[in-house]
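Participant: Would you mind keeping the following structure in view while I ask a few things?
The values are calculated or read from the model by the stated rules, or taken from the named source; none is laboratory data. Worth saying up front: this structure is predicted, and the values here are computed from it rather than measured. Here Cβ is always computed from backbone atoms with ideal geometry, including for glycine, and neighbour counts include all displayed protein chains.
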């Protein structure tokens, strides 16, 4: 590898971003052109096939069905005998030749509006053959008056029908014939009825013939458009894959060119990987695009700087490690000092009471003396266990949980510190629910309660009230939990310190260590419980609630 240089390479090269932009532009142009043509062709073909199958063919079927039905009416009227005229008068109104023309005309106009392909398809795809001018021819048939004029000249027919007064076109004349046929049959004028039937057949054949011509023109146009759609589909099946393959080939070529352009980056990555693996002497070659060459040059400069600073960082790491070890030792020492300090005052007070009891001589109360000795001994034993755990593990132990009566733990602690509380002018109020069992280590729970009680009496330097409560509460999951609450009548915790009150070395007291509440939270966490500072229920003092799962 070449060594580092003081200045970045200044060779006249095309930048990496320019190369990527040009390659990407070619790929996008080729892919876009192929996609645009394919979309336009497919859109045009889909529209054409949808138009033919969903609109044009049903329209053609309607024309054929109307022609077939009119031809059926004509044949039925031809076969009708004179005695069948009453049947004929009920049959003829169903022919409705001109309303059929009206219905087909309405569909024809809607069909013409939807025959053009979308604008995108008209840009590239060939235009389909226009539909024949069906609506004008059908409108002329609907508004024709030739048959009316001819029938108005036939005096015998006019007399048989009763006149064509009010008829303006052939459609109204057909309605007049039907009405005249009904009157002639009612009046038993069979000769007039037969003459009217002949005219009705003639009008039905006239309409049927005109519809047949329109149908043939329409069918020829649809056949031509179907053939053109088939040819478009054949061309599309060839051109779309061809343009796609061409775009793919060009894209692959551009990709290969980009890989060749980015190859120096791979070499630079390998240099960085070897440098990270410990080879501090490796350096990158400043070749390739302008950005890659500049990057390699800057990397070489950075590697040189890192090599110079590595020795300094090693010394700093050693200093930091020493500081962290000392901080950990100080933290552990502070925790141990806090745990040992809490019960010392009560042990000292019990020792003074014991000394007073022993000094009474013959009036010595042996039961009271033994109780004081037992309290001192139990607390000393608990402190010995605490110190052994710290020395064994250098952290708070998880304890040995067993099934305990929560009220009994609180009552035992209260009896031990009662003398201390009385000396400080603190009145204790106990509200202990019976039968509240917890699965916990008694020493750790007692330790947590000790810290909370000590904080409570220190918050009331002039005396006050202390409430210790045991109750049951439903957790968010619906499971019952034991709640051990301690509330004092002091001034409470300032609002600004409520968020950080459980963090280590955070305290509201002038001589506090900030360890007690942190230890309480650790005990709660170790027992899958929690400790919370909540609003007081007996005043404005601090109220702490230790929640533990029921055992």
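Participant: Please go through the range 417-445 and pick out each residue that is surrounded by fewer than 20 Cβ atoms within 10 Å (Cβ to Cβ), out of contact with any strand residue (DSSP E or B) (no Cβ under 8 Å at 6 or more places or on another chain) and touching a residue at least 60 places away in the same chain (Cβ under 8 Å).
Facilitator: Of everything in the range 417-445, those that are surrounded by fewer than 20 Cβ atoms within 10 Å (Cβ to Cβ), out of contact with any strand residue (DSSP E or B) (no Cβ under 8 Å at 6 or more places or on another chain) and touching a residue at least 60 places away in the same chain (Cβ under 8 Å) turn out to be 419, 420, 423, 443.
Participant: Of everything in the range 127-146 that's in a helix (DSSP H, G or I) and exposed (fewer than 14 other Cβ atoms within 10 Å of the Cβ), which residue is modelled with the lowest pLDDT?
Facilitator: Among them, the one singled out is 136.
Participant: Name the pairs whose Cβ atoms lie under 9 Å apart, with the first residue in the range 183-209 and not assigned by TED's automatic domain parsing to the domain that holds residue 66, the second loosely packed, with under 14 Cβ neighbours inside 10 Å and part of a helix (DSSP H, G or I), and 6 or more positions between them or separate chains?
Facilitator: none
Participant: Scan the range 529-536 and give yes if some residue there is in contact (Cβ under 8 Å) with a residue 40 or more places away in the chain, assigned to a helix (DSSP H, G or I) and buried (at least 19 other Cβ atoms within 10 Å of the Cβ), otherwise no.
Facilitator: Within the range 529-536 (the criterion being in contact (Cβ under 8 Å) with a residue 40 or more places away in the chain, assigned to a helix (DSSP H, G or I) and buried (at least 19 other Cβ atoms within 10 Å of the Cβ)), the answer is no, since none of the residues qualifies.
Participant: Can you name the condition, by its number, that residue 166 falls short on among (1) crowded, with 19+ Cβ neighbours inside 10 Å; (2) free of Cβ contacts under 8 Å to residues at least 60 places away in the same chain?
Facilitator: Here residue 166 meets the rest and fails (1).
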